Ligand SMILES: *Cc1c(COP(=O)(O)O)cnc(C)c1O
């Protein structure tokens, strides 16, 4: 088998994922075209990413700064880059002009640093606020009850535009058990829209991973972060 044939599983996986997304969208009365699949490419080599781009993927999500930088150098303008992992302040400067959307803003000090770096680059950085809906100690994100004060502060930054919310649901073999997490994030976004903060809209709800994206779609997700269902199980 040549290299190209080896990668056909990516095309097949994508077809399956897209069908599932479409069905979930129709079940909830939504248009599948309004739902973006962000291919989570952590640990995935560039050749496999290129295959996904060939199959119509336009967005890649990375959770480590160094990996994003290395791949950005090689693949640069071939996709939109999303930063989805925990972001340390001292690394913001490296990705400020490479990531199109940072999904994981979870503190004011991080937002402050992003704003400073964005000012220096004369750009407006799009961000999502990570919310820890389930209150898991092992996960990052703001608590629901911290959100309004946080957004009130973030709305003052000149070079940050908040475009929605992100959450990671706890892993559960039966994703029905975590439907409530997605429902809560959606409710929170509606609540926030009602507050009409400056510089803040709720265009994106980034929720749903390989294990739970169908339920996330049913509950209103429009930015899915899907890795292993596309590229296969990660080795490390
Ligand atoms: C790894 C990762 C994903 C994708 O996980 P899969 O289960 O492989 O789909 C989504 N979001 C974040 C923040 C991740 O780190």
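The values are calculated or read from the model by the stated rules, or taken from the named source; none is laboratory data. Here the structure is a predicted model, which is why all the values come from computation and not from measurement. Counting neighbours? That spans all protein chains shown, and the Cβs are built from the backbone with ideal geometry, glycine included.
Quick notes on this structure:
- Checking each residue in region 105-160 for being over 19 Å from residue 84 (Cβ atoms), in a loop (DSSP other than H, G, I, E, B) and modelled with pLDDT of 95 or more picks out 121, 122, 123, 124, 143, 155, 156, 157, 158, 159.
- Residue in region 189-198 that is buried (at least 20 other Cβ atoms within 10 Å of the Cβ), part of a loop (DSSP other than H, G, I, E, B) and out of contact with any helix residue (DSSP H, G or I) (no Cβ under 9 Å at 6 or more places or on another chain) present: no
- Residues in region 199-233 that are in contact with a strand residue (DSSP E or B) (Cβ under 8 Å, 6 or more places away or on another chain) and part of a loop (DSSP other than H, G, I, E, B): 199, 207, 208, 209, 210, 220, 221, 222, 227.
- Condition met for residue 231 (within 13 Å of the ligand (Cβ to nearest atom), crowded, with 21+ Cβ neighbours inside 10 Å and either over 15 Å from the mean Cα position of the chain (by Cα) or farther than 25 Å from residue 143 by Cβ (or both)): yes
- Verdict on residue 136 being without any contact (Cβ under 8 Å) to a residue 24 or more places away in the chain, surrounded by fewer than 19 Cβ atoms within 10 Å (Cβ to Cβ) and over 18 Å from the mean Cα position of the chain (by Cα): no
- One residue stands out in region 161-174 among those that are surrounded by fewer than 24 Cβ atoms within 10 Å (Cβ to Cβ) and more than 16 Å from the ligand (Cβ to nearest atom): the one that is nearest to residue 141 (Cα to Cα), namely 163.
- Considering 27, 18, the condition of being loosely packed, with under 12 Cβ neighbours inside 10 Å and at negative phi is satisfied by 27 alone.
- Only one of 61, 56, 76 that is in contact (Cβ under 8 Å) with a residue 40 or more places away in the chain and farther than 24 Å from residue 170 by Cα: 56
- Among residues of region 219-235 that are modelled with pLDDT under 95, those with a beta-carbon under 9 Å from a residue that is assigned to a loop (DSSP other than H, G, I, E, B) and more than 8 Å from the ligand (Cβ to nearest atom) at least six positions away or on a different chain give the pairs 234/43; 234/44; 235/43.
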